[in-house]
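Take a look at the structure set out below.
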Amino acid sequence: QVQLVESGGGLVQAGGSLRLSCAASGRAFSSYAMGWFRQAPGKEREFVTAISRSGGSTYLADSVKDRFTISRDNAKNTVYLQMNSLKPEDTAVYYCAANFLGNPTSRYSSYNYWGQGTPVTVSS
């Protein structure tokens with residue numbers, strides 16, 4: 001069983017930055033595409049960004065382009081989400097997920113393993 005643990009969330013002011021981390025268990029991390037999703041209170045889970053197995057390809061939602069960056073370090077079994085120029089509408093619980101089919105995708109159902117989430121609150 002793959003376990004994913006997010007960290008790095010917290011409270012920041014609008015315009016500030018945070019870096020989220022997601023640490024994965026097991027030896028097969030480099031075989032998974034990884035994604036980040038977020039869910040605000042009362043709303044459905046929303047795709048944020050995803051990265052391919054080797055890190056060579058990324059996919060970002062329009063709402064975070066030019067502000068967020070996804071990266072991975074396969075030697076450390078970790079994927080990162082660097083969030084800059086944060087806005088109050090970015091407030092949500094952020095989840096990382098693993099997809100063993102390999103391609104970065106925005107489709108929720110394509111991901112096989114999920115972390116517990118880390119909350120991010122952006123104050124105005």
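The numbers here are math on the coordinates, done by the rules we state, and not lab data. Everything numeric here is computed off the predicted structure, so don't read it as measured data. Cβ sites come from the backbone with ideal geometry, for glycine too, and all protein chains shown count toward neighbours.
Observations on the model:
- Coordinate range of the alpha-carbon atoms in the chain per principal axis, descending: 41, 27, 25 Å.
- Excluding same-chain neighbours fewer than eight residues apart, the lysines reachable from Lys65 by a Cα-Cα span under 20 Å are Lys87.
- Given charges at Cβ of Lys, Arg, Asp, Glu: the chain dipole, positive-most of Val120, Asn74, Asn103: Asn74
- Sparsely packed loop sites in the stretch 1-56 (the trypsin sites (Lys or Arg not before Pro) outside DSSP H, G, I, E and B with at most 14 other Cβ atoms within 10 Å) comprise Arg27, Lys43.
- Charge dipole magnitude, Cβ of K and R +1, D and E -1 - the chain, Cα centre, debye nearest 20: 240 debye
- Pairs of Cα atoms nearer than 8 Å and 6+ residues apart set the relative contact order; for the chain it is 36 percent.
- Loop-resident sites, the stretch 21-124, for GluC sites (Glu not before Pro), counting at most 16 other Cβ within 10 Å (DSSP): Glu44
- Trypsin sites (Lys or Arg not before Pro) restricted to the stretch 55-96 and DSSP loop, no more than 12 other C-beta within 10 Å: Lys65
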